[in-house]
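> Handing you a structure now.
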Amino acid sequence: MLLEAQGQYEDALELYNAALKQDETYAPIIKRKVAVLIDQGKTHDAITALTHYLDHFHADLEAWTTLSQVYLRSQMFQQAAFALEECMIMGGFNFLYHIRYAEVNMTLNRPAVALKYFCSAVEVTESGGGALRAWYGVRQASHALLENHNKVSLGNTGSNPKQSGKKGAVAAASHGIQESVDNDVVSPEEWKALNALAGERIEAIYKAKKVSTENIEVVKGWLNTVSA
């Protein structure tokens, strides 16, 4: 670590590689090697070292988290999703894994999967007041699903799908969001309800934080761009 602190990364790597020749499963050395490779921008080598490490220490949550971050920086979204799945298995009560996994699935154009895990993140963190990012995701994912559904409906029938009563649907979503976690949400009415509920919750969170009226209006403007 002294060599790292002095910026002598190549010398540090030589030292770590020499140590690993004696014991290729020596976890602290592998982790230091990975850290050096990431600092040097050697992403491919860092991924190779991390996957080799995880072959021996599969239950290391920190290593899976690091691997997911490296994949994301490299825009390897499919691989990042797999790494985040492992993170959720081991750290299921950390809502950030659910949110990151949902966001990756939005990037992969899988809004149905994304919505399920944004809802899951809401369930995990709602009582702690950290649900704002998750509610933003619910709003975006439900909007994407409705857009896709409307395009298909217009192509098949030439008309917009019927809309159900908003107030009753929102109430149902408020009480039944757990169903979105346990089962795939496939009903357009449920998507509309979740979309509306997310907008209400986002506004409520900002108002509870006593955010200025001007900023709340900015938020409302964005919400209008992803409304049902």
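> Out of the residues in region 7-29 that are touching a Leu at 6+ places or on another chain (Cβ under 7 Å) and part of a helix (DSSP H, G or I), which is modelled with the highest pLDDT?
Ranking the qualifying residues of region 7-29, first place goes to 29.
> Among the candidates 69, 75, 79, single out the residue that is of a type outside the set (Asp, Glu), at positive phi and at pLDDT 95 or above.
Every option except 75 fails the conditions.
> Can we say residue 103 is crowded, with 16+ Cβ neighbours inside 10 Å, acidic (Asp, Glu) and in contact with a Gly (Cβ under 7 Å, 6 or more places away or on another chain)?
yes
> While we're here: In the set 16, 71, 53, 97, which member is within 20 Å of residue 124 (Cα to Cα) and surrounded by 14 or more Cβ atoms within 10 Å (Cβ to Cβ)?
It is 97.
> Which residue pairs have Cβ atoms under 6 Å apart, sit 6 or more places apart or on different chains, and have a first residue in region 199-218 that is within 17 Å of residue 118 (Cα to Cα) and a second that is surrounded by 11 or more Cβ atoms within 10 Å (Cβ to Cβ) and of a type in the set (A, V, I, L, M)?
Final answer for the pair search is 199/223; 205/132.
> Quick check: anything in region 77-87 open to solvent by 20 Å² or more (accessible area, probe 1.4 Å), touching a Gly at 6+ places or on another chain (Cβ under 9 Å) and either charged (D, E, K, R) or assigned to a helix (DSSP H, G or I) (or both)?
Looking through region 77-87, none of the residues is open to solvent by 20 Å² or more (accessible area, probe 1.4 Å), touching a Gly at 6+ places or on another chain (Cβ under 9 Å) and either charged (D, E, K, R) or assigned to a helix (DSSP H, G or I) (or both).
The values are calculated or read from the model by the stated rules, or taken from the named source; none is laboratory data. What you are looking at is a predicted structure, and each value in this text was computed from that prediction instead of being measured. Counting neighbours? That spans all protein chains shown, and the Cβs are built from the backbone with ideal geometry, glycine included. Heavy atoms of the whole protein, side chains included, go into the accessibility calculation; ligands, DNA and RNA do not. Shrake-Rupley method; radii C 1.70, N 1.55, O 1.52, S 1.80 Å.
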